[in-house]
Structure formats: C-alpha cells, structure tokens
Amino acid sequence: MKCIVGLSGGVDSSTSAAIMKERGFEVVGCTFRMFETAGANLAVSDAKRVADYLKIEHKVMDCTADFKLYVMDYFVQSYESGITPNPCVMCNKFLKFKYLDGLKKQENADLIVTGHYARLEKAGGKVELLQATSTARDQSYFLYRVSGEILKHTEFPLGGYHKSYTRELAAKFGIHVAEKSDSQDVCFIPNGDYVSFIKNSSSRISSEGDIVNESGKVLGRHDGLINYTVGQRKGLGLSGGPFFVKALDMEKNQVIVADKEGVGSQKIALEEVVFIDEPYLGNCEVKIRSSTPKTSAKITKISDKYYVELLKPEYGIARGQHCVFYDGERVLGGGIIC
C-alpha cells in the first residue's frame, strides 16, 4: 500500500507521515512551495529533513501561481469588496487536496494523508467527514468543500488525538520538529499584519471616510475600510454606544454601525452550497465562523437558493465567511454567506 502525505514541515504532518510508515505504507512526502519567504523556505527544508530522517521519498511541488490566484488574490479582492474571506477553506479545496489527488493518481497510490484534525468514516462506498475528537483542535470546518470523492481516498491519522499527544508521538519517533510552534492562520502573512499586506497588494484601498449609524447620521471617522470587519466593537473611536460594525458600504466609503441588537440576525442567505453526500434540508447545527461554537438551525431552500434559519440570533454575521452544517459530529456541507 502506498500513500501521499502532505508534508508541511510541521509537527502534525510529520507525525502523520511517521504513523503511516509505522503502519507499513510506502510513504511519499509532498511539500508545496506556495510563496517565497524565508519562513516558506525553512518549511521546505524542515520537510526534507523529516523525509530524510524517516527514509521516505520527498517531492516538492511548485504551486505558487495557483496559490496567488485562489488564495492571495482572493484574500485581497474580498477585502476590496467589503467581504470577510477565509483563505484556509479555499486553499484546501483549490490547492492542497487538488494537488495531492493529482500526485496520488500519478504515483498510483492508494491514499492521501494529511495532518488535519478531523475524522473520516467510510462504509458502503460512502464517506462521512466528522469532527476531531479534540474539539479545541477540530479542523472539519475548513474541509467541508473538499469533494466526497477525494475524501473517500483520504486519511487523517491525528483525528482521534489531542495536540499534546501528537507532540508526544513526534518525540517518540525522534522527529526534530516535535516542539515546533503551530503555523499561523494566514500563512502568507506571518506577522499577522494583514492591513499592510492588502495595502501593498491593492490599488483599490479606500481612504478615510465617515462612520454612520443605520439612519446615515455621521458619528465619527474611519481610517480606511480594510481596517474594519463586520461585528467589530473595539477600535471604533466612538463615544456612547457600545457600537458594532454592521456593514461596510464600499460605494459611499462608509462604516455603518449599530447597537448589539442591530447586528443580530436569525436568517442567513447562502451561495455556492455543497454537501459531502446527499443534499439536506431540515434541522441541524451550524458554525457561522471557524472560531464560534455550533448553534441550532434549520436549512431551507426557496427556488434554487439555500437559507439557514437560526434558533437564536447570532451577532456580526459577515459576508464571505462560511456557514458549515453539522448533524452532531458529522459535517453535512455548507455554503458561503452572501
């Protein structure tokens, strides 16, 4: 049996490669070169060192063009349009699993393996994507757009583990990255300064403008729309309140604010809805962003448009984020909030 392991040079992917080798698989480690920075080059060298230590084949795949198109440009264009992006979801769909699946076919391998914290159950030719045992590390939210056909031939060895145990395993295997720090949420902005990144990547960034309430009354000034996100409370510089960002009006160059009740919503319209298996309508739970707990909801459909009706209001729901559907631990699918 042969498997292709997405080998990033971090502790999770390295431990996954070691686990699969211990299980008797012929392992091919695949590292993506997605952008050119000192940190990215270090990740490639770390991955090579792990592959050499494990005595497995190592391939480096250049996907810088696709990464720029599907992740970096998407990230910038979303903020230019007043939309809150999620680059990790797009990277999984358009890059990582696409490239890994291509290499699996090229190498005539049996499985794709990654270090994601999620679980898969396979039976009768079907696959179910489940939350990780460790809900604190769960990454199922970021995987909902990966096709069921690819997931049928995928394995997540760490799905039943806590991160502390993964590090113990890495140390047991003697892997040098056992204590390496976790990767950043936005890997191509290692210092976390996404505002500077966008300013350097775009010619459409707005200048200063007005902060207004829902009636259009001017309450203050903003220093550029990219500095604000829907649901934001801190850093508005307004007296009174508390105020929350309700919307960004790109045409008028305005930040629209409201009180907490004003940014609450119980109905969400979705676009580009996908399902892991069969389409589903009815009661479920949803996550409206990766960092929030699941909440009770109902999926409905009118004509060809999907909606989510929440049992209780959620606050600061942002266009461009992903609403993922769950039946208990099982991921049903999801869509992009529009």
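When the dipole is taken about the Cα centre of the chain, and only Lys, Arg (+1) and Asp, Glu (-1) are charged at their Cβ, what size is it in debye, to the nearest 20?
Around 300 debye, computed over the chain.
Count charges around residue 318 for me, please; just the other residues with Cβ under 11 Å from its Cβ, Lys/Arg as +1, Asp/Glu as -1.
Cβ neighbours under 11 Å give a net charge of +2.
For the chain, with the dipole built from +1 on Lys and Arg beta-carbon atoms and -1 on Asp and Glu ones, taken about the Cα centre, which of 269, 243, 159 lies farthest toward the positive end?
With unit charges placed on the Cβ atoms, the residue in question is 159.
Share of antiparallel DSSP beta bridges in the chain, in percent to the nearest 5?
70
Within 10 Å, count the other beta carbons around each residue, average over each peptide in 271-282, 152-163, 306-317, and list them highest first.
Most protected by this proxy first, the peptides run 152-163, 306-317, 271-282.
Compute, for the range 206-258, the length of the dipole vector about the Cα centre, with Cβ point charges of +1 (Lys, Arg) and -1 (Asp, Glu) only. Units Debye, rounded to 20.
The dipole magnitude comes to about 220 debye.
Modelling each spin label as a point 7 Å along the Cα-to-Cβ direction, I'd like the residue 191/residue 277 distance in nm, to one decimal.
Each label point is offset 7 Å from its Cα along the Cβ direction, giving 4.8 nm.
Kirkwood Rh and Cα-based Rg: tell me the resulting Rg over Rh for the chain, rounded to two decimals.
Computed over Cα atoms, the ratio is 1.00.
For residue 267, which lysines qualify as cross-link partners when the Cα separation must be under 19 Å and same-chain residues fewer than eight apart are set aside?
The qualifying lysines are 246, 287, 294, 298, 301, 305, 312.
In a shell of Cβ-Cβ distance under 14 Å around residue 309, excluding residue 309 itself, what net charge do Lys and Arg (+1) and Asp and Glu (-1) give?
After counting each charged neighbour, the total is +3.
Would you mind classifying the range 263-337 by shape? Square roots of the alpha carbon gyration tensor eigenvalues, ordered a ≥ b ≥ c; an a/c under 1.5 is rounded, otherwise it is prolate if a/b is larger than b/c and oblate if not.
Judged from the Cα gyration tensor, the range 263-337 comes out rounded (a/c under 1.5).
Compute the distance from the alpha-carbon center of the range 192-219 to that of the range 108-153, in whole Å.
Computed from Cα coordinates, the inter-centre distance equals 38 Å.
So, by mean Cβ neighbours within 10 angstrom, what's the order for 115-123, 57-65 with the highest one leading?
Taking the mean over residues of other Cβ atoms within 10 Å, the ranking is 115-123, 57-65.
Magnitude of the Cβ-charge dipole of the range 263-337, K/R +1 and D/E -1, about the Cα centre, nearest 20 debye?
For this selection, approximately 320 debye.
Divide by every residue of the chain the summed helix terms, -39500 (n - 2.57) for each DSSP H run of at least 4, and state the resulting mean residue ellipticity at 222 nm, rounded to the nearest 500 deg cm²/dmol.
-6500 deg cm²/dmol
Per Stokes-Einstein, at 20 °C and 1.002 mPa s, what whole-number D in µm² s⁻¹ belongs to the range 214-323, with the Kirkwood radius over Cα pairs as the hydrodynamic radius?
Value of D from the Cα-based Kirkwood radius: 138 µm²/s.
Each reported figure results from applying straightforward, stated rules to the coordinates on display, with no laboratory input. What you are looking at is a predicted structure, and each value in this text was computed from that prediction instead of being measured. Counting neighbours? That spans all protein chains shown, and the Cβs are built from the backbone with ideal geometry, glycine included.
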